[in-house]
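Quick notes on the structure that follows.
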Amino acid sequence: MNVVPVSYRAKKLAIHIGARAGSRVASMLDRQNSSRFPISQRKCTSGSLGCLGATLPAQGSVCFFTGSPIHGPAIGDIVDADSAARLFPGYDGAFTGVFWDAQRNILVVATDCLGMQPLYMRHAEDGLTLTTDTKAVTGDPDLAGWGAFISIGHPIGERSLMNGLQHVPPASILIYDCAERRLTVRQYWHWPDPSEAWRRHDFLASPEHDISAYAAFGDPGTVLLSGGFDSRLLLLLLKRLQIPVDALIVAHEDEIDDADGRLAEKVAAAADVPFQKAHPHPDFFSTSQYIDYLNASDVGYPSLDLFIAKVAPQINATSVWEGLIPAVAFNTPHQLPGGFEAYQRHEIRGADSAVWRAAKTLFTPDAAEAMMQGFSDDLRNEIARLPQDMFGVQQFIVQH
């Protein structure tokens, strides 16, 4: 099985191709090896494609990924812009592929088929900017994006929380010709039409196939074990594949007397899996760890439910794999009678909700109204392009 070497994998990136004479590519990378320059403290400036401040044009073309691509072609087969555009779609998993063709001054970028690895883009007269973190660039807030964040927990469509910085669509191939200042975008995969094919799908074989592929990277694995269905499923699949595993359980004493953590302990004991249990500070949301979480979760958007905020500081890993949303794919909590009408009634926070009442004390009335109206318009447009049934609801949930 082909494995992308760690030297070709970056945690984060920011690339700017400027329109000024002599400007080519500036990059901000935080590779798996350590750096004393956090990405949040570095700027996109004119220069050349670089890693940790080093310039690479003299070394010729450059290829790297963010995320952890799996099931793909051999990395050595990607040698120029044409091969990158052809082969990047062959990878699976959560990833962004980047290839800088130094001979032709062409940048090729690919996103995974579901857009699970975040990537943002700003295309304007002064050039092209690509970044995994919105805090790598400056700009005004996108009020409709913030309205979605307050209402549903995340922006929808191609919006981000910053005006003019759009979320690069899933399954996209971006080709930017520096000499012509021309950007072309095409999609290499489209959502399938409604069918009954899922009834014949082997739902256990798919995660087993992916778990084996990720295990080939060779990093020791830890299951973030809760009482939930998805983490129990991953734990038992790891054991069935005879992959060494331990578990991390994070206590939440303030939520139903840590019922979730106590159930996770019983699961670990029943599965005969070693585990450690972390106990966050009782006043966690007044600690520096919570501030660190907010700074680090720029792309993932801080959870309004705050459960994951206590988990994040306990994770010490080079990469995190969440599977393919098994809680939604298998447990179907949103499949209520009534399609989108029922989904909106149960899942979207309205103007009278506690979070919107709080938001109205932080923002001006005009800003709050623009947030609510912008999200409402976006939601209506997103729903209108989907099938008006439970297939469409599931498509909306997975895509966003």
Exercise. In whole Å, how far is the Cα centre of the range 122-170 from that of the range 103-121?
Worked result: 16
Problem set entry | Derived scalar couplings ³J(HN,Hα) [the range 92-105; Karplus, 6.51 cos²θ - 1.76 cosθ + 1.60; whole Hz; x for Gly, Pro] | 10, x, 8, 7, 10, x, 10, 9, 9, 8, 5, 6, 10, 6
Seminar exercise, completed: Which of K310/K360; K135/K360; K12/K310; K11/K277; K11/K266 exceed 31 Å between C-alpha atoms? The answer is K11/K266
Exercise. Once the other residues with Cβ under 12 Å from the Cβ of I383 are scored (Lys, Arg +1; Asp, Glu -1), what is the net sum?
Worked result: -3
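Could you sort the peptides 149-162, 361-374, 178-191 by per-residue average Cβ neighbour count (10 Å cutoff), highest mean leading?
Values: 149-162: 20.4, 361-374: 14.4, 178-191: 12.3.
So the order, starting with the most tightly packed, is 149-162, 361-374, 178-191.
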For this session: Could you run the Karplus curve 6.51 cos²θ - 1.76 cosθ + 1.60 with θ = phi - 60° over the range 226-242 and give me ³J(HN,Hα) per residue in whole Hz, x for Gly and Pro?
Result: 10, x, x, 5, 5, 5, 5, 4, 5, 4, 6, 5, 4, 5, 5, 7, 6
Seminar exercise, completed: For M162, the residues 5 or more places away or on another chain with a placed amide H closer than 5 Å to its own amide H are D142
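Send over the Kirkwood Rh of the range 185-236, from the inverse of the averaged 1/r over different Cα pairs, rounded to one decimal Å.
On the way: mean 1/r = 0.0708 Å⁻¹.
About 14.1 Å, per the Kirkwood formula over Cα pairs.
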Problem set entry | Cα gyration tensor category, rounded, prolate or oblate, for the range 127-197 with a/c compared to 1.5 | oblate
Exercise. For the range 82-220, what is the largest minus smallest coordinate of the Cα atoms on each principal axis, given in angstrom and ordered from greatest to least?
Worked result: 49, 46, 38
For this session: Would you kindly derive the ³J(HN,Hα) couplings of the range 135-150 from the backbone phi angles with the Karplus curve 6.51 cos²θ - 1.76 cosθ + 1.60 (θ = phi - 60°), listing them in order in whole Hz, with x for Gly and Pro?
Result: 6, 6, 10, 10, x, 7, x, 8, 5, 5, x, 5, x, 5, 4, 5
Seminar exercise, completed: Any residue on another chain or 5+ positions along whose placed amide H is under 5 Å from the amide H of M116 is listed here as F95
Seminar exercise, completed: Sorted on mean Cβ neighbours within 10 Å (highest first), peptides 127-133, 342-348 come out as 127-133, 342-348
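Since every read-out is calculated from the coordinates, none of them should be taken as a lab result. All values derive from a computational prediction rather than experimental measurement. Here the Cβ is made from the backbone with ideal geometry for all residues, glycine too, and neighbour counts use every protein chain on show.
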